[in-house]
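Below: the structure, in structure tokens.
The values are calculated or read from the model by the stated rules, or taken from the named source; none is laboratory data. Note that the structure is a prediction, hence the values are computed from the model and not measured. Note: ideal-geometry Cβ built from the backbone for every residue, glycine included; neighbour counts use all protein chains shown. Side chains included, ligands, DNA and RNA excluded: accessible areas come from the protein's heavy atoms. Shrake-Rupley method; radii C 1.70, N 1.55, O 1.52, S 1.80 Å.
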Amino acid sequence: MIDTTHKLQQAASRLGIKLEQMPRHLAMIMDGNGRWAKAKGLARAEGHCEGAKAAENIALYCARLGMQSLTLYSFSVENWKRPQDEVEGLMALYEEYLMSMRPMLMRENVRLVHMGRRQGLPEGVISELDRTMDLTRDNTGMIFAFALNYGGRTEIVDAVRHLAQKCLAGELEVDEIDEACFGRHLYSAVMPDPDLLIRTANEMRVSNFMLWQISYSEFYVTDKYWPDFGEEDLDKALVAYAQRDRRYGALSQT
Ligand code: IPE
Ligand code: IPE
Ligand code: MG
């Protein structure tokens, strides 16, 4: 198995950037499936099908690049407001996708984790999520976080409840709660904060995505609709990211 850092180094060289300029955690808001379909005179469901293919392709590409973590925003807690047939179609697609992706995840040594609330998801989706997470649990390559029934505020509320329960049970002192401790109680505890957040379909908002974790993420927006977003588009975003000067409130190093 080729070491992940070695793969990332190769990818960086190919893109003409330094290893330190590659993100460790890439997060993506996959938007524009509906508009993609509309522009082609197709049903929204067709856009979601093409979107699922694009997601699998990007996950595979990221694994091959040697990315440490990838988060894909697939369904928000707000997306339940959509028409019932669209929601049902999406849930059927996630179920199928979680199943069909397994050979690729195993071949590429990828570990799948879920970000979001299990409660509210259909049984079929939960069982495929669990099967895929169990199967890939010991994989040591990229962590692929699938944000499904995810809300940034919901995640914060869930963490606060968990912390409050620990305090009430006498397992945690209030003074022990700091930023690091709080971060360990979020769904994303196994990953560093995203370095780069990409949103497709030209929307300039975060739509309740990883509110805590993106405090210093670099934001990149493209007008491409998600089903059209491919490897060259990701390469372009990585090169743009490498040019950013991340100051974290301090002064520039250069
Ligand atoms: C993103 O595409 C997929 C989900 C949110 C599930 P959209 O379905 O939001 O596509 P647009 O924004 O209507 O084009
Ligand atoms: C954000 O897209 C959620 C996902 C990509 C899963 P939306 O299409 O739901 O966002 P809004 O409604 O335009 O903010
Ligand atoms: Mg949208």
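Between segment 1-60 and segment 163-210, how far is it from one alpha carbon centroid to the other, in angstrom?
When both Cα centres are located, 23 Å separates them.
Top mean-square fluctuation among Gln243, Gln21, Gln68, Gaussian network model of the chain, C-alpha springs under 10 Å?
Gln243
Would you be so kind as to identify which of Tyr61, Cys181, Leu105 lies farthest towards the positive end of the dipole of segment 40-190, taking Lys and Arg as +1 and Asp and Glu as -1 on Cβ and the Cα centre as origin?
Tyr61
In what order, largest first, do Tyr241, Tyr225, Tyr248 sit by accessible area if the probe radius is 1.4 Å?
The ordering from most to least exposed comes out as Tyr248, Tyr225, Tyr241.
Would you work out the charge dipole size for the chain about its Cα centre, treating the Cβ of every Lys and Arg as +1 and the Cβ of every Asp and Glu as -1, and quote it to the nearest 20 debye?
Taking the Cα centre of the chain as origin, the dipole is about 460 debye.
Can you compute 3J(HN,Hα) from phi for each residue in segment 36-44, using the Karplus curve 6.51 cos²θ - 1.76 cosθ + 1.60 with θ = phi - 60°, rounded to whole Hz and x for Gly and Pro?
4, 5, 4, 4, 9, x, 9, 6, 4
Is segment 135-254 best put as rounded, prolate or oblate by its Cα gyration tensor, with a ≥ b ≥ c the root eigenvalues, rounded for a/c under 1.5, and otherwise prolate when a/b is larger than b/c, oblate when not?
It is prolate, given that a/c is not under 1.5 and a/b is the larger ratio.
Can you give me the long-range amide H partners of Met115? Hydrogens built in the peptide plane at 1.01 Å from N, cutoff under 5 Å, separation of 5 or more residues or another chain.
Phe146, Ala147, Leu148
FRET efficiency for Leu135 and Leu251, Cβ-Cβ distance as r, R0 = 41 Å, nearest 0.05?
Efficiency, rounded to the nearest 0.05: 0.30.
Using modelled amide H (1.01 Å from N, peptide plane; none on Pro or chain starts), what sits under 5 Å from the amide H of Thr71, excluding residues fewer than 5 places away?
The list, which skips near neighbours in sequence, is Leu26, Ala27, Met28, Ala145.
Please give every one of the lysines within straight-line cross-link reach of Lys7, meaning a C-alpha to C-alpha distance under 24 Å, and leave out same-chain neighbours fewer than 8 residues apart.
Lys18, Lys53, Lys236
Lys and Arg at +1, Asp and Glu at -1: add these up for the other residues within a Cβ distance under 15 Å of Thr254 and post the number.
Combined, the nearby Lys, Arg, Asp and Glu give +2.
Less than 9 Å Cβ to Cβ from Asn149, Lys/Arg counted +1 and Asp/Glu -1: what total charge do the surrounding residues give?
Local net charge: +2.
Whole-Hz Karplus ³J(HN,Hα) for segment 235-244, in order, using 6.51 cos²θ - 1.76 cosθ + 1.60 and θ = phi - 60°, x for Gly and Pro?
Values per residue, Gly and Pro as x: 4, 4, 5, 5, 5, 5, 4, 4, 7, 6 Hz.
Show me 205-211, 22-28, 54-60 ranked by packing, highest mean number of other Cβ atoms within 10 Å first.
Result, highest mean first: 22-28, 54-60, 205-211.
Could you check how many percent of all C-alpha pairs in segment 191-254 are farther apart than 20 Å?
Counting every Cα pair in segment 191-254, those more than 20 Å apart make up 34 percent.
As a check on your grasp of the helix formula, calculate [θ] at 222 nm for the chain: sum -39500 (n - 2.57) over DSSP H runs of n ≥ 4, divide by the residue count, round to the nearest 500.
Using -39500 (n - 2.57) per qualifying helix, the result is -14000 deg cm²/dmol.
Probe radius 1.4 Å, ligands and nucleic acids ignored: give me the carbon and sulfur share of the accessible area of segment 152-192 as a rounded percent.
Carbon and sulfur atoms account for 52 percent of the accessible area of segment 152-192.
If you add up the charges near Glu46, with Lys and Arg at +1 and Asp and Glu at -1, over every other residue whose beta carbon is less than 13 angstrom from its beta carbon, what do you get?
+3
Spelling out what I want: for every residue of segment 60-74, take phi, set θ = phi - 60°, compute 6.51 cos²θ - 1.76 cosθ + 1.60 (Karplus), and round to whole Hz; glycine and proline get x.
Rounded to whole hertz, the list is 4, 4, 5, 4, 6, 5, x, 4, 6, 9, 9, 10, 10, 7, 9.
Based on Cβ point charges of +1 for Lys and Arg and -1 for Asp and Glu, what charge dipole magnitude is obtained for segment 22-150 about its Cα centre, in debye rounded to the nearest 20?
Value, rounded to 20: 420 debye.
Of the listed peptides 174-187, 34-47, 6-19, what is their order by residue-averaged count of other C-beta atoms within 10 Å, with the highest listed first?
Most protected by this proxy first, the peptides run 34-47, 6-19, 174-187.
First check a/c for the chain, with a ≥ b ≥ c the square roots of the eigenvalues of its C-alpha gyration tensor; if it is under 1.5, answer rounded, and if not, answer prolate when a/b is larger than b/c or oblate otherwise.
rounded
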